[in-house]
Structures are given as C-alpha cells and as structure tokens.
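The next block holds one structure in the form of structure tokens; read it before the comments.
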C-alpha cells in the first residue's frame, strides 16, 4: 500500500506532500517522513521543484500543528481524558504531557522531529493546557523546519536509494547514532536562542 501511495508523489507533487504532513500532525497514520524523502528524490531528478516541495511540506506541518493546538484548546482537559480511553493511545498522551511539562519549549521543538510520534499529542496537550500560542508556534515552526529540511534533504542526497535509507533510519543502531547528533543539535539551538533572545518558559 505504501509503495502505491508513493507512486502518487510525482503525479500530485507539492499538494500531496502538504496534505500528508498536515494529516500526520493530527495523528493520522501516514508515512510523512517517507513521503518527504521520496519527494526529495524527485527534486533531485528534476521532477519536482525544491521550493514548492519544501514550502508545501512545511506549510502542511505548521497548519496541522495549529489545528491540533486549537482542538486541544477548545476541548481542554476533558478531551485528553477521552483520548486516554484506549491504553495504547493513553501511553502516548501521557508521554506527551510529561515531555511538555518537563521540557516546555524544548519539548515542543524536539517533538516535531526527534520524538515525532508524540508531536500530534503535544499539540493537543499544549492547547488543553492553555499554553501561550506564540511560544507554541515559535517552537513548533523551528522544529518543523528541521523535520522537513532533514527528510527532504535526505531524499535529495540519496535519490535512488530511498528504500535503503528508510530501512537504515528504522534500524536501532542507526537510530541511536542519529539520536546523539539530534539531541546535541537540539540543545545547541536552545542555548543559542536563550543567549540571543532570552528563554521564555511556557509552563
């Protein structure tokens, strides 16, 4: 099914990539990262325009984050309670709430790309907690920039080897190697922002 969906990338291009990233930020189970890598491969071959692809992917992700935040803000605590009705989903929601409370701004930033399975649930939790919209948006946008640039860039750099790259990123050793790098980058960016503008705690 995934391979059939990926065949739609060159046909529908940026519109499809934008829709996929939008849905993924609302917890719809679509392989957004794989779609972006595939799009990056088509950018490398000249079948898709880089600017349009990056803009569409980023716009879809940011819009998805904003919709999730708005839903959480409207639904509040009762919404999170309903989401916890299923054990598997409850674990994700609880991890998202915990990350948000422990790390605040940094937690939102990292959930866009490093802890991406928690991203949609942090959107809802942030809205439910009445987190400041400006802080949520700043952290979310920066994180989505990293997510989109990383996966479209990987697809561009390894065009023709998307399947192998996807397997590598899913491999435990590959994940651990990436983890050390990405955590270091995350803390470096946090320190830079704190030094330049002053850190604003959300909670």
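Within 10 Å, count the other beta carbons around each residue, average over each peptide in 63-69, 43-49, and list them highest first. Don't jump to the answer; show the numbers that get you there.
Working: 63-69: 21.7, 43-49: 15.3.
Top to bottom by mean Cβ count within 10 Å: 63-69, 43-49.
Residues 95, 86 in ascending order of nearby Cβ atoms (within 10 Å, fewest first): 86, 95. Residue ranges 27-34, 9-16 sort as 27-34, 9-16 when ordered by packing (mean number of other C-beta atoms within 10 Å per residue, highest first). Among 38, 53, 150, the order by Cβ neighbours within 10 angstrom, fewest to most, reads 150, 53, 38. Ordering of 111-117, 18-24 by packing is 18-24, 111-117, highest average first (other Cβ atoms within 10 Å, averaged per residue).
Using the Stokes-Einstein relation with a Kirkwood hydrodynamic radius computed over Cα pairs, the translational diffusion coefficient of segment 1-96 at 20 °C and a viscosity of 1.002 mPa s comes to 147 µm²/s.
When every Cα-Cα distance of segment 42-102 is counted in 5 angstrom steps from zero, the calculated P(r) takes the values 4, 15, 14, 19, 13, 9, 8, 10, 7, 1 percent.
All of the numbers you see were taken from the coordinates with simple rules; none came from a lab. Please read these numbers as outputs of a predicted model, since none were measured by experiment. Note: ideal-geometry Cβ built from the backbone for every residue, glycine included; neighbour counts use all protein chains shown.
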